[in-house]
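Down below is the structure, laid out as structure tokens.
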Amino acid sequence: MRRGPTKRWAIVDAARTMFLREGFTRASMDAIAEAASVSKRTVYNHFPDKQALFLAVLADTVAPVLDEFLALLEWHLADVRPDDLRETLVRFGRDWVHTTVLFPDHAALLRLVIAEATHMPEVIDAWRTAGAGPSQDALAERLDALTAAGLLDIADSTVAARHLTALVCNPPQSRSFFGVLDLDDADVDDLVTEGVDAFLRIYQPRSAQ
């Protein structure tokens with residue numbers, strides 16, 4: 001591997017550790033350079049300022065979570081049997097929620113993004129561009145496919161994707177304070193099942209209810 005990409009990866013990795021430990025304001029470029037075992041000048045050769053470095057950390061941290069979410073969509077929702085729709089959505093929702101456990105840095109970074117949004121509102125746009133936007137678009141496409149198959153009755157899949165997220169993913173996130181507190185599997189199952197049932201009451205064809 002060439003030295004440039006290797007150093008860039010080391011800087012981003014060190015910055016992630018420092019940002020999550022110290023917060024954006026307290027994390028210094030000097031400390032990041034030291035943690036990455038590079039000079040401060042090398043850091044600035046790759047990133048013009050701390051904000052640009054933070055946005056790079058955000059994109060790097062979100063990417064594997066997005067990949068995992070897209071894999072979950074393919075695994076659970078690519079081929080759904082009519083008689084298994086509810087249980088399929090519950091299984092999908094359960095695995096979706098557990099990505100918080102699989103990627104603890106992602107949950108911690110989300111908490112930091114929320115904390116910094118007032119002072120650096122562009123991080124919200126960056127977060128949406130890197131992960132939230134593509135994941136919601138992909139979810140909407142799957143919901144369109146389920147509607148075309150007659151399993152759901154959805155007029156606007158973008159809105160329905162937001163509803164599914166709000167009903168299934170958000171309650172466990174809120175209950176755990178975005179990954180700070182551990183949730184029992186039983187608690188996750190209850191929250192996800194309640195969310196799926198609410199979603200189906202809205203979007204399942206009347207003939208199937």
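None of Pro172, Pro134, Pro104, Pro82 is assigned by TED's automatic domain parsing to the domain that holds Gly195 and either free of Cβ contacts under 8 Å to residues at least 60 places away in the same chain or crowded, with 17+ Cβ neighbours inside 10 Å (or both) except Pro172. Filtering the stretch 39-75 to residues that are under 30 Å from Leu85 (Cα atoms), of a type in the set (D, E, K, R) and surrounded by 15 or more Cβ atoms within 10 Å (Cβ to Cβ) leaves only Glu68. Where helices (runs of 4 or more DSSP H) fall wholly inside the stretch 125-209, the ranges with 3 or more residues that are on the phi < 0 side of the Ramachandran plot, over 22 Å from the mean Cα position of the chain (by Cα) and modelled with pLDDT of 95 or more are 133-148, 185-203. Condition first: under 22 Å from Gly133 (Cβ atoms) and not small (Gly, Ala, Ser). Can you find one or more residues in the stretch 30-51 that meet it? Yes, the conditions are met somewhere in the stretch 30-51.
Within the set Val43, Val38, the sole residue that is touching a residue at least 12 places away in the same chain (Cβ under 8 Å), outside the structural domain of Arg111 (by TED's automatic domain parsing), farther than 21 Å from Trp127 by Cβ and not in a helix (DSSP H, G or I) turns out to be Val38.
The values are calculated or read from the model by the stated rules, or taken from the named source; none is laboratory data. From a predicted model like this one, the values you see are computed outputs, not experimental measurements. So basically every Cβ, Gly included, is an ideal-geometry build from the backbone, and we count neighbours across all protein chains shown.
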